[in-house]
Every structure is written in structure tokens, then in C-alpha cells.
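Heads up, the thing below is written out as C-alpha cells.
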């Protein structure tokens, strides 16, 4: 194996659109080439990494009961209509879709629940054929609004997706747990630090789900976890206990105050000294979108709390919720933005409130009149009683919902997600089997996804330095590089070749760097490329002495070649 | 390995749309599931076969100098416009294309010349980085007018595509020959009988190309080959020597005859006794389509010859040619269909003729008047001289263009195609490198495709019988099956398991058929599934005696288990 044969091209300039280290380093190292926004070609070295990740995933999902197969990426609209997802995904704009030459509509699969359910329904008639868990590793497509972060949020990316079919919930629980264990083995074998959190199932649906996150400062997801018990959740899903504000006592008379140009919680605190945010109820207007209609709704939350739009969308059963525009606010409240409130709100506007407001008296709120706010608002007296739900975004420092300990925060990159779907898809699509008792029942399903290309990017977010990538050894393009300093010296080439052969014979994926580069640029290049073990064959090669170093360290030590092999083995195969 | 764990579901009914054995048997064996027209899911067993084919392809293309990488399936329109292919492929209707959420147009790659050329152009600046040959194995898309024959002509299918980049034609010749040799090794290792023929490069373009065909009666392609020399060609491309008709002598006076309702060559033979088809010149009107226009052209050929539309399209440089409709014929000739000819043809209509008509005197032709034909037509005297080109479809029995021996025919399934592209794409796309002499030059390219999923179907076309598939061992889902006759007998299970372990320890990909089926259905199923070696563990298992048979034979022999292993090895590993 010679690196000169692997089409290695490193770049001097950072790409203009790189916002995170993995994007910058993958582009600089020539690992990826941007074909269009969110569409990347993978270089030969990158493909080695992606194949190594795929193989780890394949082995562990198989150990966890999965059976590999393959489904088409192009899927007919009819299947998505039968599950009820076509409208949602098309309205979201997240799904690529097209018409073929006969004007039949197709989509490019963002996920394969529909196809696999149709397949299993066609093949399985009896409970005797269950359980089955089918998986594939291949490209998925998402028409992202803003593709970015390189491989982190692309429009075409590599995923493993698995689908389990069981006769009942107990079977699903077993399949789900086997997958959860397989996922832990996969991320551990990939050399990643990861965390598992409760998650919102989103558009996939189902009764429960967990996400697997690589912990990294650049992660797009905010996570909360309890340092005492096992509780951990994506902030989209997280619950927490909040401290109630001091009891404001029995209802006082409503007061209406002119508050010109006072719109935000901060401005209100300044305007009404002594009124803390916890006693204010802000009212935010959202536009909710369903398949067949749109509606503006009003949502109340404590002044010191944020509204969780994911929870809100779930409560409404909406396809999407977004902040209402100025026009919509005026139409719904009759006032400018900043003065919405429950007092005097038209009956036409649905009113929801976060559960933390339940039972709270004497609130400060808007009253749908530009330039005015009210004090001592009591819901049910001064305004209609809202529908209370958990609509709050949990925060660092609030109490763990299980044990009360203050929650801590972290950033994560989602690399895996597992879902208990139940019979959501099988019931909608009429996918039934005959159970032991002779009755027709819908399959009880789970689905499980791992972002294969995203793992590569996440590994870099977690493991890099100012000089470049530090690949975890199990997914590095090569585990070890033996670099020739001067390829015009035959003894250097000979020693490097023989040491590389020794390493390969010992099962180490090693390569000789025989590229004709001067030492400075070569070291810089190798640091950027990030092979975990670096062995340098230079001026003492005639004596059989080389330099041994690890990419993660800054130093190299002169050792005999045999010792370099022993050290490489000790680092790369610590168990053996 | 137990077959009960592989989601094997065989069907009793042939699919209604199956026209060829591979489609019928793949569906019956549950190997494929039709998701929509031309879109198939591959079962776990099928995926084993496809992975085995892919691995053979990967190993041999790598041996031939290829470097594996991966490109996105979704490609931006801009790249296809830069190569000049967008219009042709969209007009042909063969390319799936779509607009993303920002209305940018994308296509699903039917091939990747544009992407790989853009990639190499971005990475390679100097001749020192060449040659390079990049390949990938993944899905390709074609919006077929009539998807059919199962995996033979699907809309999404698995291909290996390789692209070589060299500094000059000599480099290309070397890369091309290495690929040609790799292809021979691949099809040989897959256990296929194949033939290599000269081919028309079609929409891919370039200066030369060869196709690799699996020989099978059901093949879509007509091939001609010489039994004496190495000449072989797809009929689309084939040349041949034809016997000139008896010399009709010096020009005779033109005669015009009323020929009411006489339109075809056969009718003319009956109407004008003594005038053989070889002395007739039929004139066929075609509509040719370019990116910016359409034109009706007249094409003459001997009455006993057929016009080769591929050659015609190449001569015209057209995107497509198709027979002109009745309206167009009337507009161009002023006569009904059946009476077109060179005599009196409007100067507005371009006139071409097959080279076999060159120098022929005293022809029988139409004269663009309904109900009339002319005798003793002499081109250049009675009509303008046409442009002569080789436009004829070569036929079985005609002379080999190299040695004159009568050509023989065969049917083939195209499983591979290699092209010398030259600088067609690199010049169009401005993809240059700096040569040794400091000059900017376009890359000299080759491209190479193998239909991975089509190989599986072609193998079945070549190797099946009335009972089912007879997989070539190297690409069978399992090489050997050890079938338990009665899974309630522990000694049968024990012997089968231990024999299977022995086989696997010897490197044979064996599986135990532990499915709870009665012997009749089980044998029928196994014959359909087509594992090459069948070992049956039945009533004499207590004595350690099993039945050994090959799927391709009709019989099985009772032998001790150890002997069955030896026979399996002798059949599957004849060299070892």
C-alpha cells in the first residue's frame, strides 16, 4: 500500500462555506468534494473510512438480529399516501420529489418505512414468520432548507436504517433493546464518546424514541442530563421541575396601564419595578400548519420561560408551527406585536398555556391593545381559561423530572435514533398478519437509523486539533502511516516497505507515504490527514532506526523498527 | 447459518408481468419485490448474491488500477449543461430530473462523467498526478419508457462505473486495455459465458467502445460474430460485406409505371416479376431530432437491406431518429406512405443512401406520386445524387468485414461496456492539466460500466431449468445447502449442523435448511432457490450417511458425511 496511489490532494485554503471544524478539515484534506450544495463526492481515502464505519454497523446490527437487504431509493407516491405521510413531507419541503415520463410521482427516500412495510406485508402472512428485522446501508435524501456543515447536514447522505416487525409490544420491546445495545457497541467500536437521550419522535412518529449523540461543542442539538440519575433528553423533548414564584396571594383587582413602546419582558421589568419575569405571562402567536389548513394560535408562558415549539406542534398535531408574522398578529389581536395577551382575546383565537402558569394569580399580561398591559390578571376571571399543556423548553439548572437534581447541559451531534413505531404504519397501510389466535393484526414495528457519513464528521468534531484531524483508529482511512523522508534514498524506501509489510502482516491497516514531498510539507499533510500512528523513516534508516509517534501527541521517539511495530500494536490492539 | 433466519419466502404464482425466466424465477424465489415499475427491493438472499458480485468487481477493478470512491446520485443541472448533455438526456426522456425547494434543477445520475470530470479537474493540476482511474459501485437511474424483464431493464439498478484520466491517447489505450482484461476476469469469476463485441458508443460518445455480453437466447441485443477471425460486433455497430447484385448494365431509359396499392418490397416483387429486391431502392423517411430543431430526412437502402437507425443517428449527429409519421411523409413527398423515392424529391428534403447503392444503375424506386413507381432510375441522372454512408443493418450470413467469412448471429445481454472517450468531456467542460511541456491540455478519458444487478439476472438467463435457478457457485447466495428432512429428529439437526460447520471451516459458504417444511415442498423450494450444492440429511443420518447432489444434475447419491464434504470441495474448489 502506497499513499501515492490513493489520489491524495490536500488544499491550502479553507472552503469559504466551512462553519465547523469537520467541514473545514474534510475539505482541506481532500476527503470530500462539493458537487453542489449538500452534495458531496467522497475521495478514495474517505471511502475507506466510510466503508469501515459501514462494516462496524453491519456486523453489530447483524449481531443484534438484523438481516441486510436493499430497497430502492426512488419510491412511488402511492406508498406515502397510503401511510399518510406524503402531504406532510411535501408541505415541509424536506422531501425531493419528481414526476417520471408518465407523470407518475416519485420521491427520493428520506426514510423507508413505507417500502419495507409494503415488502413485509407482501411476504409475511403468519405470526410464524415473525419476528424479522431488516436493514440496509445506503443513500438517503433530504431537501434541506440550508444544507451546511459539510457532511453534517447534507442533502444526500449515507444511512443505516433498520425496521423490526413483531407480533406484539413485548416483541417490539425486545427488538428495540437489542438495537439499543447494538448501537452502543457500534459507537463504542467507532471510538466515539456518546450519550443516549430521550427524544421527540418528530415526523417518524410512534410511542417512544431515543437519540444517540456524539458529544461535541459544535453539536446542533442541545441536551439536558441529570448528574444523579440516568435521565437525559434532547431539549426538544426534555421535562423539568421549575421553582414556583412566591405566591402572589388572592386575586387583586385588574389594572390596565399605558405602556408605550414597552413590548418585551426585559422592558416590562424596567417599566414595572418589583414585577419579576416569573409573574409575567407572555403571549406568543404561532401559525400552525396542517395538511388541509392553517391557523393562528396564542400560547402563554411564564416571562422567564421559553416555549418549546416541538412540544407545541405535538400538542396541536400540526405538521409545522412557526412564529406568526406581524400581519397575522395584528389580524388576530387587533394590536401591534408586543401587546398580545389573554385579556380581550377574540374567541376565534385558540388559547394555550404552559402548565407552569396553572393556578397562578395576579399575572402581568398584554391585553391586545397597542401601548397597554394589565396587572393582576387572573385567568378565568379577566380572560378565558386557556388549555394547559407542558409547552416549556426545559433549561440547565432546573430540576430533573425524576430525582429533582439540577439538570446539566451539553451539545450533541445526533448520529443514531431508534423509535418504537408500534402499529402506526402497519395500521395505516393495512399491513396485517394472522396471529396465533387466527386473528388479523397489524405488525408492531420499530425503526432504527444511524448516520454513517455523519459519524465520520462527528468523529472529527470530537477529535481534532489545530493541525488537523485525529481519526479514531477503528475508522481511520489507514491506522498507521510509514512516511519516507527522502524517497531518493533506497534504504529509506526499503525499510519503510518492509516495516509496512510487517504491520500489515500483523493485521494493521498501514500504508507507506512514498509521496515526493519535502519533510515540512509532508509532516503538515500527515497531521492534516490524521492517521493515528505515524512512523517516520529518515536519516537513521541505515541503522534500522525510525521515529514513532501518535497523531494525538506532539512528539515522536527514535526506536528500532521492531519496537515501532510493537508500539503500534500496543496502541492499536491494546487487548491483544 | 440457518436458512430459517434469512426471511426466505417463495411464491406459488408467476408474476403477471414476467416475460423472461430471470424475472419469473427471481420473483418466485422471493429474491426481488417490485415496489413500482422498474423499482425493486432485494431480499436478504438476493443481497448476498449482489454483494458477492460487487466484491468480485471491486477486487478485479482494483487489480486493474481502479481506486474506489463515491459520488452523489443527485447531480446539478449545471454540470450536464457544461458537458452539453443536459438537453439530449432530457429530450430523450431517459433521465430523471427534478427541481429542489429553491427551484434549482437536479438529475439522478444515469452515469457520472460530468461529476468525476469536475472532481478530477478540481484536484489535478499537473501531469505528475496522472494517470488516475476512479470507480464506484452504486445505484444508477434511467427513466425507461418501458421498464421490464425484472432486473434486466429497471429504472434504478446497481452499477460499477470507472473513469480513467490520462495525459494522452497512449495512456488511455493502456488504461482501457487493463479494464478490458479486468472485465474478462470479472465475468469469468462470476461463472458466466460471455462475448466481447465492438459497439456503438451511443449517447456516451467517444472514439471506440466494446460491449461485454452474456450469451443467452433471451438477450435483448443481436450480435454478429465471425467464426474464423476475432471480429464480433453489436448489430447496431456491425459492418459486413454484401454481395453485389448482377450488374444491370448501362443506364436504360427511365420508365414510370402505375402501381396502385403497391407499397412494400414484397408487393413490388410480385408486381414487377424479374425485379429482385437487391435492385430496388426503398426510400424511408425519418424524423431526426436535435437539441434545437427537428427535420424530416429521406434515406435510401437496397430492397433486401434494413436501415440501421443507430448508424443513421450517428451520421446525422442527431439526438434521436424515428420513423416519420404519415403526416410528415405526405408533407415531405407530396404522396402517401409507400411511394417515396429520389425521383422528384423536393430539394428541401435531405437525401441519404446506404453505401451499397453507390454505383448501382437502373434501380426500381418510388417517385413521390401516390400509385406510381419508376424503373431504371439512375441516381445523378433521374434524381439528385444522395449522400452515401454506411447505413445498413448487417445480417447473419453476410461477409465478415475483416476476412469475408459468413457472419453468425447470437443474442446477448449487455453486462459491461467500455469506452474510449478521449477529450470529449474534458474539452467541453474545460477540465485541463499542465503537461510536461508546460501546456494546458484536456484530460484524455475512458469510462467503463458494469451492470451489477443485471449480472445476477443474466446469470439466471444463462443458467436455469424448468425447476428453477441454477446459480453459478461464485455468485450464489449460498454455495451449499444442508437440508434437514425432519427437524423433529435431533440426530438430523445435529448431523446437518456439524456438516455445515465443517463446510464453513473449509471456506465454503454453506447454510443449514432448518425450515419446517415437508420433504416435497422443501426439495421444490431448494430447486427454485438454486444453491449449487445440495446435501440432504434424512433417514440414514444416524449412520452418518447423507445424500449429495448438484443442483445442475437430477440425481443425488448416498455418501458418508465426510465424503459429501470432499465432493462439495471438489466441485466448488476444483483448483484446490
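The values are calculated or read from the model by the stated rules, or taken from the named source; none is laboratory data. Given the structure is predicted, the values throughout are model-derived calculations rather than measurements. Don't worry about glycine lacking a Cβ; one is built from the backbone with ideal geometry, like all the others, and counts go over all protein chains shown.
Confirm whether residue B:183 is within 14 Å of chain A (Cβ to nearest Cβ), buried (at least 24 other Cβ atoms within 10 Å of the Cβ) and in contact with a strand residue (DSSP E or B) (Cβ under 7 Å, 6 or more places away or on another chain).
Values: within 14 Å of chain A (Cβ to nearest Cβ): no; buried (at least 24 other Cβ atoms within 10 Å of the Cβ): yes; in contact with a strand residue (DSSP E or B) (Cβ under 7 Å, 6 or more places away or on another chain): yes.
When the stated conditions are applied, residue B:183 does not pass them.
Considering only residues that are closer than 29 Å to residue A:77 by Cβ and in contact with a helix residue (DSSP H, G or I) (Cβ under 6 Å, 6 or more places away or on another chain), which ones fall in the stretch B:10-27?
If the condition is that a residue be closer than 29 Å to residue A:77 by Cβ and in contact with a helix residue (DSSP H, G or I) (Cβ under 6 Å, 6 or more places away or on another chain), then B:11, B:14, B:15, B:18, B:22, B:23, B:26 are the ones that fit.
Condition first: touching a helix residue (DSSP H, G or I) at 6+ places or on another chain (Cβ under 7 Å) and assigned to a loop (DSSP other than H, G, I, E, B). Now tell me which residues in the stretch B:169-199 satisfy that. Even if it seems obvious, please write down each step before you answer.
To start, the set of residues in the stretch B:169-199 that are touching a helix residue (DSSP H, G or I) at 6+ places or on another chain (Cβ under 7 Å) comprises B:182, B:185-186, B:189-194.
Passing the criteria: B:190, B:191, B:192, B:193.
Take the stretch B:92-118 and flag every residue that is within 7 Å of chain A (Cβ to nearest Cβ) and at positive phi.
B:93 - this is the single residue of the stretch B:92-118 that is within 7 Å of chain A (Cβ to nearest Cβ) and at positive phi.
Is at least one residue of the stretch B:152-167 under 17 Å from the mean Cα position of the chain (by Cα), part of a loop (DSSP other than H, G, I, E, B) and without any contact (Cβ under 8 Å) to a residue 12 or more places away in the chain?
The answer is no; no qualifying residue exists.
Restricting to the stretch A:219-265, name every residue that is in contact with a helix residue (DSSP H, G or I) (Cβ under 6 Å, 6 or more places away or on another chain) and within 30 Å of residue A:415 (Cβ to Cβ).
A:236
Would you mind stating whether residue B:89 is more than 10 Å from every other protein chain (Cβ to nearest Cβ) and touching a residue at least 40 places away in the same chain (Cβ under 8 Å)? Let's see the steps before the verdict.
Values: more than 10 Å from every other protein chain (Cβ to nearest Cβ): yes; touching a residue at least 40 places away in the same chain (Cβ under 8 Å): yes.
Against the criterion (more than 10 Å from every other protein chain (Cβ to nearest Cβ) and touching a residue at least 40 places away in the same chain (Cβ under 8 Å)), residue B:89 qualifies.
Check residue A:18 against each of (1) within 23 Å of the chain's Cα centre (by Cα); (2) closer than 30 Å to residue A:523 by Cα; (3) at the interface with another protein chain (Cβ under 9 Å from one of its Cβ atoms) and name the one condition it does not meet.
Exception for residue A:18: condition (3).
Out of all the residues in the stretch A:324-331, is one or more within 29 Å of the chain's Cα centre (by Cα) and outside the structural domain of residue A:203 (by TED's automatic domain parsing)?
Of the stretch A:324-331, the ones within 29 Å of the chain's Cα centre (by Cα) are A:324-325.
Those still in the list that are outside the structural domain of residue A:203 (by TED's automatic domain parsing) too: A:324-325.
Yes.
Could we say that residue B:217 is more than 25 Å from residue B:314 (Cα to Cα), touching a strand residue (DSSP E or B) at 6+ places or on another chain (Cβ under 8 Å) and not in a strand (DSSP E or B) here? Give the steps one after another, and end with the answer.
On the way: more than 25 Å from residue B:314 (Cα to Cα): yes; touching a strand residue (DSSP E or B) at 6+ places or on another chain (Cβ under 8 Å): yes; not in a strand (DSSP E or B): yes.
Answer is yes for this residue.
Of the numbered conditions (1) closer than 30 Å to residue B:85 by Cβ; (2) in contact (Cβ under 8 Å) with a residue 40 or more places away in the chain, residue B:252 fails exactly one; give the number of that condition.
The failed condition is (1).
So how many residues does the stretch B:45-56 have that are surrounded by 22 or more Cβ atoms within 10 Å (Cβ to Cβ) and either farther than 13 Å from residue B:452 by Cα or free of Cβ contacts under 8 Å to residues at least 60 places away in the same chain (or both)?
1
Keeping to the stretch A:57-78, report how many residues are surrounded by fewer than 23 Cβ atoms within 10 Å (Cβ to Cβ), at the interface with chain B (Cβ under 10 Å from one of its Cβ atoms) and without any contact (Cβ under 8 Å) to a residue 60 or more places away in the chain.
3
What residue, of A:273, A:246, A:277, A:227, is in contact (Cβ under 8 Å) with a residue 60 or more places away in the chain and surrounded by fewer than 18 Cβ atoms within 10 Å (Cβ to Cβ)?
On the way: A:273 fails: in contact (Cβ under 8 Å) with a residue 60 or more places away in the chain; A:246 fails: in contact (Cβ under 8 Å) with a residue 60 or more places away in the chain; A:277 fails: in contact (Cβ under 8 Å) with a residue 60 or more places away in the chain.
Checking each option against the conditions leaves just A:227.
In this structure, is residue A:269 in the same structural domain as residue A:326 (by TED's automatic domain parsing) and either under 35 Å from the mean Cα position of the chain (by Cα) or assigned to a strand (DSSP E or B) (or both)?
Working: in the same structural domain as residue A:326 (by TED's automatic domain parsing): yes; either under 35 Å from the mean Cα position of the chain (by Cα) or assigned to a strand (DSSP E or B) (or both): no.
So residue A:269 does not fit the description; no.
If residue B:295 meets every condition in (1) touching a residue at least 24 places away in the same chain (Cβ under 8 Å); (2) under 23 Å from residue B:250 (Cβ atoms) apart from one, which number is that one?
(2)
List the strands (runs of 3 or more DSSP E) inside the stretch B:512-576, counting only whole elements, that have at least 3 residues being under 28 Å from residue B:31 (Cα atoms) and without any contact (Cβ under 8 Å) to a residue 24 or more places away in the chain. It would help to see each step written out before you state the result.
Details: elements: B:533-537, B:545-550, B:556-560.
Result: B:545-550.
Could you list, in sequence order, all residues of the stretch A:7-27 that are surrounded by 20 or more Cβ atoms within 10 Å (Cβ to Cβ) and under 13 Å from residue B:123 (Cα atoms)?
Correct list: A:7, A:8, A:27.
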